[in-house]
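> After the structure tokens below, expect a handful of questions from me.
The values are calculated or read from the model by the stated rules, or taken from the named source; none is laboratory data. Just so it is clear, the structure is predicted and the values come from calculations on it, not from any experiment. Positions of Cβ are generated from backbone atoms using ideal geometry, with glycine treated the same way; all protein chains shown enter the neighbour counts. These accessible areas exclude ligands, DNA and RNA; they are computed on the full protein's heavy atoms, side chains included. Shrake-Rupley method; radii C 1.70, N 1.55, O 1.52, S 1.80 Å.
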Amino acid sequence: MSGPLSGLRVVEFAGIGPGPFAGMLLADMGAEVLRIDRAGGGDWPEIPVVSRGRSSLALDLKDEEAIGTCLTAIDHADVLIEGFRPGVMERLGLGPQTVLKRNRRLIYGRVTGWGQDGPMALLAGHDINYVSIAGALAIIGDPARPPSPPLNLLGDYAGGSLYLVMGILAALHERMSSGCGQVIDAAIVDGVSSMLAPLLGMRAAEVIEFDRARNVLGGTEAPHYRCYTCLDGRHIAVGPLEPRFRAVLSEKLGLAPATLSGVDDKEQWARLSETLATAFAERTRDEWAEVFAGSDACVSPVLTPEEAAAHPQLGGRGALREVDGLLQPAPAPRFSRTPGTIPGTRPTGLALLADWCS
């Protein structure tokens, strides 16, 4: 394995949502990830792409010998990732109080929706519930309709996986001086709340409003920050927030330079949106993409993932590529000396564990 995390050993207890994606990110950066699967399969299917880079070991966690195998793996690991409800790992005999006594350098990463404590800690939930309670969902979507969840990107993966990985890397850095591991409580509601910082700041500075009918960044009302339907029914994304970029937009559309001069007056948004909608409906998406190519109008075609892979920018960088017949993202971010890679076939879980113990 290559990458900046080469040599790092991770034990990942199989789950759904943020845990597996965090494991993929670490594997992409070169970590050796041993995933503990449930013998006989779990309540979720195997998810391709996000499962790459793992060595898998299926165990019955109700069996005492299997728990012993888990403890052996954890004894030799740098990091543990688990996404069960609070108390589950403790009942299995794999809680942090037990394993940190055996391996004082272990970074014990726990990712859940609600966190390890609080009145809702033991309740079920999914991405839509976490982003709604955190205050993010209320400001997303068309004001004429109920709030629209942004798939499960905002909660599970941004607020969960990325904050878990950041916590792991921070704890690894701290371990260099202390020699000790610690427990990371990565709650999705905490991560989403943290991500609200820029928006709360912009609201305080009166740059944006949280009213979905008056939010410049909401994507539905502001004429200069939204998507428009083209002649072929496909879409174009428009985002020239600054006046100099709006001037380029007007020029490329064949409109008067002052067409968008009234965007600061929210009462004119509906009229200006209609003007732009009429203009964009005159050509296909790809025709408009050609018109705006190479300009600072901040206009781009709305692409599918397959189209994105062939786009000159993403395709040229190899941001999305086909590996083993599947469209996959390249490791991100990129490193100048120790680049990450899309991991190939990994040894079996038993073989990897034997190597750790040798």
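> Report the label-to-label distance for S177 and L326 in nanometres (one decimal), using points 7 Å from each Cα along the Cα→Cβ vector.
Between S177 and L326, the label points sit 4.0 nm apart.
> Something else: Solvent-accessible area per residue for the chain at a 1.4 Å probe radius, Å²?
That works out to 51 Å² for each residue.
> Using only alpha carbon positions, build the gyration tensor of the range 1-94, then give the equivalent ellipsoid semi-axes as the square roots of 5 times its eigenvalues, largest first, whole angstrom.
21, 16, 11
> For the range 122-274, state what percent of all Cα-Cα pairs lands in each successive 5 Å bin, counting from 0 Å until the bin that includes the largest distance.
P(r) over the range 122-274, rounded to whole percents: 2, 8, 13, 16, 15, 13, 11, 8, 6, 4, 3, 1, 0, 0.
> Relative to the present Cα-Cα distance, how much length would full extension add between E307 and L350 at 0.36 nm per residue of separation?
Fully extending the segment from E307 to L350 adds 11.5 nm.
> Please report, in whole Å³, the volume per residue of the convex hull around the C-alpha atoms of the range 31-152.
150 Å³
> Let me ask something else. Find the relative contact order for the range 120-240 and round it to a whole percent, using C-alpha pairs within less than 8 Å whose residues are 6+ positions apart.
This gives 23 percent for the range 120-240.
> On the protein heavy atoms, probe 1.4 angstrom, tell me the percent of accessible surface of the chain carried by carbon and sulfur.
Solvent-exposed carbon and sulfur of the chain make up 55 percent of the total.
> With viscosity set to 0.890 mPa s and temperature to 25 °C, compute the Stokes-Einstein D of the range 72-207, Rh being the Kirkwood radius across alpha carbon pairs; µm²/s, no decimals.
151 µm²/s
> Under a no-solvent Debye model with one identical scatterer per Cα of the chain, what's log10 I(q)/I(0) at q = 0.08 Å⁻¹?
Treating every Cα as an identical point scatterer, log10 I(q)/I(0) equals -0.51.
> Kindly provide log₁₀ I(q)/I(0) values, in the same order as q = 0.19, 0.31, 0.32 Å⁻¹, from the Debye equation applied to equal alpha-carbon scatterers of the range 189-228.
Log10 I(q)/I(0), no solvent term: -0.60, -0.97, -0.99.
> If you don't mind, there's one more thing I want to ask. With N set to the number of residues, divide the alpha-carbon radius of gyration of the range 71-116 by 2.2 N^0.38 Å and report two decimals.
1.09
> Can you give the Rg and Dmax of the range 29-82 based on its C-alpha atoms, in angstrom?
According to the Cα coordinates of the range 29-82, Rg and Dmax are 11.9, 33 Å.
> V323's amide H: which non-local residues (gap 5+, or another chain) put their own amide H closer than 5 Å, with H modeled 1.01 Å from N in plane and none for Pro or chain starts?
Excluding prolines and chain starts, which carry no amide H, the hits are Q328.
> A follow-up question, please. Can you give the alpha-carbon Rg of the range 213-337 over 2.2 N^0.38 Å, where N counts its residues?
Ratio of Rg to 2.2 N^0.38 Å for the range 213-337: 1.21.
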